[in-house]
Structures are given as C-alpha cells and as structure tokens.
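Enquirer: Let me give you the structure first, and then I'll get to my questions.
The values are calculated or read from the model by the stated rules, or taken from the named source; none is laboratory data. All of these numbers come straight from a predicted model, not from anything done at the bench. Virtual Cβ from ideal backbone geometry, glycine too; neighbours counted across all protein chains shown. Note: areas computed on protein heavy atoms with side chains; ligands, DNA, RNA excluded. Shrake-Rupley method; radii C 1.70, N 1.55, O 1.52, S 1.80 Å.
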Amino acid sequence: MLVRMGRTPTRAPPGVGNLQPLGEAMNRNTNMSLLIFGIVLGVIGAILNFAVTAEAEGFNIQSAGVILMWVGIVTALIGVVLLTLGNRRRESSLVESVQHTPTGEVRTETRSDSPTV
C-alpha cells in the first residue's frame, strides 16, 4: 500500500493514468460563476438605470435597474467572499492500493480532501 500526504502530486505513477491535482477547491468554478453573475447583473442594472430612457405605464425601468444593480453588487460580494474562503489551504491525501490477482493487477485509489485551519 502506498500512502501519499501533501499538497499535490506532480506526476501520476506508472500505469495509473492522469491524476488530477489534489487539494484544489472543488467549488472554485461555482464561486467564480457567482462573481461573474453578480457583475453581469450589476451591468444590466446600470444600463437600465442610466441608459434607458423609455417609460412604461405601471413599471419603472429605472427602479428595476437600481434593484438589479444592488442585487448584482451583493451577489458579486458574496462570490468574492466564497472565492477567497475556497482558496484556503487544504490538506489532501491519496491512498493507492495495488492487489496482484491471477488475471492481473487491481488498483484502488482513495482521495480525501480536508480543510486545515
């Protein structure tokens, strides 16, 4: 049994294939998407508030723009907070087990990722 502790393996052992780096934040794409979504909402809200001059009866486009801007700002701030919290140091481990059988080898990989404080 081979046990590796540490940040990330640089190369895969022979015959295992390509391993993805351990310790990467799993939610990084989600948090980045939340940040981008907040920026897009803020831009749409600014366009509705400052650039659109049309008026509708019973619906104020400028008010909708202000609301979208504030929702976008709050969403972008939440995305930034989650993105920075997701980048905290994590300790990862990879346990590989190779069992020799009459028909060949059976390889088992167990990965665990836990945040360190």
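Enquirer: Of everything in the stretch 32-59, what is open to solvent by 80 Å² or more (accessible area, probe 1.4 Å) and not in a helix (DSSP H, G or I)? Give them in sequence order.
Expert: Residues satisfying the conditions are THR53, GLU55, GLU57, GLY58, PHE59.
Enquirer: Here's a follow-up. Tell me which of these SER63 doesn't satisfy, since it passes every other one: (1) polar (S, T, N, Q); (2) at pLDDT 90 or above; (3) surrounded by 13 or more Cβ atoms within 10 Å (Cβ to Cβ).
Expert: (3)
Enquirer: Just the residues that are farther than 30 Å from VAL40 by Cβ, open to solvent by 50 Å² or more (accessible area, probe 1.4 Å), touching a residue at least 60 places away in the same chain (Cβ under 8 Å) and not acidic (Asp, Glu), please, taken from the stretch 90-113.
Expert: Matches in the stretch 90-113: VAL98, ARG107, ARG111.
Enquirer: Going residue by residue through the stretch 86-100, is there one that turns out to be small (Gly, Ala, Ser) and modelled with pLDDT of 90 or more?
Expert: First pass over the stretch 86-100, keeping only residues small (Gly, Ala, Ser): 86, 92-93, 97.
From the residues that got through so far, the ones that are modelled with pLDDT of 90 or more too are none.
Checking the stretch 86-100: not a single residue is small (Gly, Ala, Ser) and modelled with pLDDT of 90 or more.
Enquirer: Pairs please, first residue from the stretch 68-80 and farther than 17 Å from THR30 by Cβ, second anywhere and part of a helix (DSSP H, G or I) and open to solvent by 40 Å² or more (accessible area, probe 1.4 Å), Cβ atoms under 7 Å, 6+ apart in sequence or on different chains.
Expert: LEU68/ILE44; LEU68/LEU48; GLY72/ILE39
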